[in-house]
Amino acid sequence: MIGKSEIMALLYQVLILVIMLIPGFVFKKLNFGEEKFAKGVANLTLYIAQPAMIINSFIMDYDPSKMGNIVQIAIFSVIAHVLFFGVAMLFFKKVPIDKQKVLRFAIIFSNAGYMGIPLIRAFLGSDAGIYATIYNIGFNLFIWSLGCYIYSGDKKYMSVKKMFINPATISIATGMIIFVTPLSGYIEKLTPLKTCIDYLDGMVAPLVMMLVGFHMASVDWKTVFKDIEMYKCIFLRLILCPVLVWAVLRVLMVFGLCSETAMQVVLVCSATPCATSVGVFAEKFNCDTVTSGKVVPISTILALATMPLIAMLLLI
């Protein structure tokens with residue numbers, strides 16, 4: 001049962017992540033790095049550090065009791081993203097098309113990969129990292145289908161191949177193999193290998209948050225407080241979407257169709273701020289990079305207040 005101490009632990013972890021924005025912000029302001037540098041760090045995170053974090057979440061003794069939660073979370077992740085898509089398509093119909101695409105994408109896709117796993121570990125314990133990883137199955141399936149469609153408006157950009165073959169899904173598949181076979185025990189015994197994976201795992205949160213801070217340094221703060229549509233988007237991402245997820249899962253819990261653990265993981269992951277992919281896809285499809293550059297860091301800062309509030313729903 002979740003109590004106030006767990007919610008305070010979540011608040012503490014979110015605060016740490018927000019503080020990690022500062023080094024990246026200062027680094028950029030002092031002109032110590034250019035966009036090429038940031039892109040290189042992003043690729044390092046995507047192709048090396050994040051896969052290590054995902055795989056590390058599965059390195060534990062096989063426990064069949066976890067499989068029920070794994071299946072539920074995978075299903076509810078898909079349902080949650082369908083729900084987010086429905087919410088996104090209801091809003092911003094009168095907004096300029098390039099900005100509309102960015103805002104809708106930002107509502108659907110949260111930073112559940114880079115922030116969700118460390119947050120769930122802090123919230124529910126290190127073994128729960130496997131559940132946060134499973135939540136990202138829905139994210140990766142939809143980002144290469146609905147995500148591409150939202151930005152391009154053309155189904156030809158929807159990549160079935162990338163839906164199933166990308167660093168995250170390959171890492172999840174690898175992790176599942178490790179989890180259900182004796183490989184986990186062998187990796188644990190290979191201390192240098194396990195230590196290396198641990199170190200790479202620990203790089204993810206600092207690197208990602210410093211990158212967000214790096215891009216935040218380029219924001220024109222004079223426009224931040226005037227962008228009403230951006231704040232509407234952030235409200236939908238940080239408040240409405242997770243509340244809707246909580247309501248749906250709460251009803252399912254009444255009928256015994258959702259475990260408490262699944263509720264906790266899906267709710268916390270769905271309450272994370274806008275995904276860093278918002279900016280990546282905006283650049284890829286030549287959309288409103290100004291808005292994408294603002295909505296990610298601002299939503300991350302505001303999540304410091306909203307995520308503990310959303311977590312309090314678990315007390316109801």
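Subtracting the Cα-Cα distance of residue 305 and residue 65 from their residue separation scaled by 0.36 nm leaves 83.0 nm.
In this simple spin-label approximation, residue 159 and residue 224 carry label points 7 Å from Cα along the Cα→Cβ vector, and these lie 3.3 nm apart.
When the Cα atoms of the range 1-156 are aligned to their principal axes, the ranges along those axes come out at 48, 41, 32 Å in descending order. Once you've got the Cα coordinates, tell me which of 66/189; 36/99; 93/284; 194/284; 162/222 are over 28 Å apart. As for pairs spanning more than 28 Å Cα to Cα, those are 194/284; 162/222. In straight-distance terms, cross-link reach from residue 226 covers every one of the aspartates and glutamates whose alpha-carbon lies under 20 Å from its own, apart from those fewer than eight places away in the same chain; here that gives 98, 288. The residue among 281, 38, 177 whose Cα reaches farthest toward the positive pole of the charge dipole of the chain, with charges on the beta-carbon of Lys, Arg, Asp and Glu, is 281. For residue 110, the amide hydrogen comes within under 5 Å of the amide hydrogens of 275, counting only partners 5 or more places away or on other chains and with H modelled in the peptide plane.
Shown here is the pair-distance distribution of the chain: with all Cα-Cα distances grouped in 20 Å bins from zero up to the longest one, the shares run 34, 60, 6 percent. Quick one: putting +1 on the C-beta of Lys and Arg, -1 on the C-beta of Asp and Glu, what dipole do you get for the chain around its Cα centre, in Debye to the nearest 20? Around 860 debye, computed over the chain.
Evaluating 6.51 cos²θ - 1.76 cosθ + 1.60 at θ = phi - 60° for every residue in the range 74-82, the Karplus couplings come out as 4, 5, 5, 5, 5, 4, 4, 5, 5 Hz, glycine and proline recorded as x.
Note that the range 198-311 shows a convex hull volume over its alpha carbon atoms of 132 Å³ per residue. Annotation: extensible slack from residue 254 through residue 44 equals 71.2 nm (criterion: 0.36 nm per residue apart, minus Cα-Cα distance).
Sorting 5-18, 88-101, 114-127 by their mean Cβ neighbour count within 10 Å, with the most densely packed peptide first, gives 114-127, 5-18, 88-101.
Where a number appears in this text, it was derived from the coordinates with a stated rule and is not lab data. Bear in mind the structure is a predicted one, so any value in this text is a computation, not a measurement. Glycine gets a Cβ as well: all are built from the backbone with ideal geometry, and neighbour counts include every protein chain shown.
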